[in-house]
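Report on the structure given below.
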Amino acid sequence: MKRMMGLVATNYAYETFGQLTAERPLASLPFGGRYRLIDFPLSNMANSGITTVGLITPYMYRSLMDHVGVGKEWTLSRKVGGMFFLPGSIYGLKNIRGKFLLRDIIQNRVFLERGGRDLVVVSAANKLFSIDYREVARQHEELGADITLLYKSNYVPIDGERESYLELSNSGRVTRIAEGRADGDNCFLDAFIIEVELLLQFLTWYESMGYMDIMEVFAENLDKMNVRGYAFNGYVGNVSGPESYMAVNRDLLKREVRSDLFPEDRTVNTKVQDAAPTIYAPGSRVRNSLVTTGCAIEGTVEDSILFRGVHVAPGAVLKNCVIMQHCEIGPNVELENVICDKYARFRGGVRISGSTDMPIIVSKGQQV
């Protein structure tokens, strides 16, 4: 098989997240009790034997660099290849409809030229799924494709964001890339494989139009290239707003989703942070929830995700909540459909209630 390298785009954001992404890129948003969104595309690449990966970063990359480091957890801390932090355009965050801006790739052209690989796997960071890209590359080679786009059939994003959809011929060739959905359309999973030489040619041809997205370039050249689709049939979690963030977190409470997203043969790696086991005090009650290490539970937790070091005081009740690291839930506090960022504190007796389609967001370090 041809050799692969990886490129993960993180230089984009959704305004709907408000304070959750005010100081961090979407890629480093905490997820699932112990992970960040970036863990999933990185783990997919590491599990596929990719040893050279570049992260296109936004200007507020501190939390991303703090989490990823030198890539040790993904076996990317190495003398040959490894993890590369690549500067993204300062204009990237203003164009959410372009996750793969040409200007971001153009200014990092040397990464592709010196990578010494035949194929590059390009992925965004907000669609969560588990895949072995070697299977995609195998199909790519067998069909003699120039580009292979990953898609999932009949998939509708929760937040109603306008995603890209693919139209395919009976042979699996992509004939159209467009926004919006009609029955039977195939949702693009913001991940594709392309020949490195072809991508470098595109950068040369479209150098003066760096404001474009690479998907727009593909759409203009479908009739000149062999662009194929790869059907992905597993679980996909699309985090594009507070509603979908809550929903995808709650999906982890389903055994079938956990089995699909965390298969035994493809682990999802993350930064290791050791902590003592969680303490469940007499009289506490926990039902259908995911509670990570270092917590102290004295109240009631239902259908919720709790990150490390959360304290739930006596009489407190949490329902359908995502509570991030080191939050303090005071006595008799009642929270329902709330997303709580790190280090927030709730004084005794506070009651906050959102809805599943409009959860309440509590900012990092906020005192309520």
Problem set entry | Residue under evaluation Y133, criteria (1) surrounded by 22 or more Cβ atoms within 10 Å (Cβ to Cβ); (2) among the hydroxyl-bearing types (S, T, Y); (3) touching a Leu at 6+ places or on another chain (Cβ under 7 Å), criterion not met | (3)
Problem set entry | Single residue of the stretch 228-280 satisfying the filter (touching a Lys or Arg at 6+ places or on another chain (Cβ under 7 Å) and aliphatic (A, V, I, L, M)) that is farthest from D341 (Cα to Cα) | V236
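So that you can scan it fast, the table gives a plain yes or no per residue for (1) surrounded by 24 or more Cβ atoms within 10 Å (Cβ to Cβ); (2) among the hydroxyl-bearing types (S, T, Y); (3) within 30 Å of D357 (Cα to Cα):
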| site | (1), (2), (3) |
| --- | --- |
| N11 | yes, no, yes |
| G18 | no, no, yes |
| L42 | yes, no, yes |
| T52 | no, yes, no |
| Y59 | no, yes, no |
| V80 | no, no, no |
| L102 | no, no, no |
| I105 | yes, no, no |
| N108 | no, no, no |
Exercise. Does the stretch 284-295 contain at least one residue that is assigned to a strand (DSSP E or B), farther than 27 Å from Q19 by Cα, of a type in the set (A, V, I, L, M, F, W, C) and free of Cβ contacts under 8 Å to residues at least 40 places away in the same chain?
Worked result: yes
For this session: Go through (1) farther than 27 Å from H326 by Cβ; (2) without any contact (Cβ under 8 Å) to a residue 12 or more places away in the chain; (3) not β-branched (V, I, T) and name the single condition G54 misses.
Result: (2)
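Across the stretch 318-361, what is the total count of residues that are among the β-branched types (V, I, T), closer than 24 Å to T293 by Cβ and either touching a residue at least 60 places away in the same chain (Cβ under 8 Å) or in the same structural domain as N249 (by TED's automatic domain parsing) (or both)?
Going residue by residue through the stretch 318-361, those that are among the β-branched types (V, I, T) are 322-323, 329, 333, 338-339, 350, 352, 356, 360-361.
Still in the running and closer than 24 Å to T293 by Cβ: 322-323, 329, 333, 338-339.
With either touching a residue at least 60 places away in the same chain (Cβ under 8 Å) or in the same structural domain as N249 (by TED's automatic domain parsing) (or both) added as a condition, the list becomes 322, 339.
Number of matching residues: 2.
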Seminar exercise, completed: By residue number, the members of the stretch 204-222 that are in contact (Cβ under 8 Å) with a residue 60 or more places away in the chain, over 21 Å from L149 (Cα atoms) and of a type outside the set (D, E) are M209, G210, Y211
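Based on this model, can you work out whether Q325 counts as within 27 Å of T21 (Cα to Cα), touching a Gly at 6+ places or on another chain (Cβ under 7 Å) and not small (G, A, S)?
Taking the combined requirement at face value, the residue satisfies it.
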Seminar exercise, completed: All conditions in (1) crowded, with 17+ Cβ neighbours inside 10 Å; (2) over 20 Å from E73 (Cβ atoms) are true of R287 except (1)
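What's the total number of residues in the stretch 333-349 that are part of a loop (DSSP other than H, G, I, E, B) and either among the aromatic types (F, W, Y) or surrounded by fewer than 16 Cβ atoms within 10 Å (Cβ to Cβ) (or both)?
Counting residues in the stretch 333-349 that are part of a loop (DSSP other than H, G, I, E, B) and either among the aromatic types (F, W, Y) or surrounded by fewer than 16 Cβ atoms within 10 Å (Cβ to Cβ) (or both) gives 4.
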Exercise. If we scan the stretch 260-269, do we find a residue that is in contact with a strand residue (DSSP E or B) (Cβ under 7 Å, 6 or more places away or on another chain), closer than 26 Å to V136 by Cβ and either surrounded by 13 or more Cβ atoms within 10 Å (Cβ to Cβ) or modelled with pLDDT under 95 (or both)?
Worked result: yes
For this session: Spot the failing condition for T292; the list is (1) in contact with a Lys or Arg (Cβ under 8 Å, 6 or more places away or on another chain); (2) surrounded by fewer than 16 Cβ atoms within 10 Å (Cβ to Cβ), and only one is missed.
Result: (2)
Problem set entry | Options L112, L102: the member that is touching a strand residue (DSSP E or B) at 6+ places or on another chain (Cβ under 8 Å) and at pLDDT 95 or above | L112
For this session: Inspect the stretch 79-94 for any residue being more than 25 Å from T267 (Cα to Cα), touching a residue at least 12 places away in the same chain (Cβ under 8 Å) and out of contact with any helix residue (DSSP H, G or I) (no Cβ under 9 Å at 6 or more places or on another chain) and give the result as yes or no.
Result: yes
Exercise. Restricting attention to the stretch 130-157, and to residues there that are touching a strand residue (DSSP E or B) at 6+ places or on another chain (Cβ under 7 Å) and assigned to a loop (DSSP other than H, G, I, E, B), which single residue is farthest from I56 (Cα to Cα)?
Worked result: L143
Exercise. Tell me, which residue of the stretch 296-320 that is among the charged types (D, E, K, R) and not in a strand (DSSP E or B) is nearest to D274 (Cα to Cα)?
Worked result: R308
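The values are calculated or read from the model by the stated rules, or taken from the named source; none is laboratory data. In this text the structure is predicted, and so the values were computed from the model without any measurement. Heads up, the Cβs are rebuilt from the backbone with ideal geometry, glycines too, and the neighbour counts pull from every protein chain shown.
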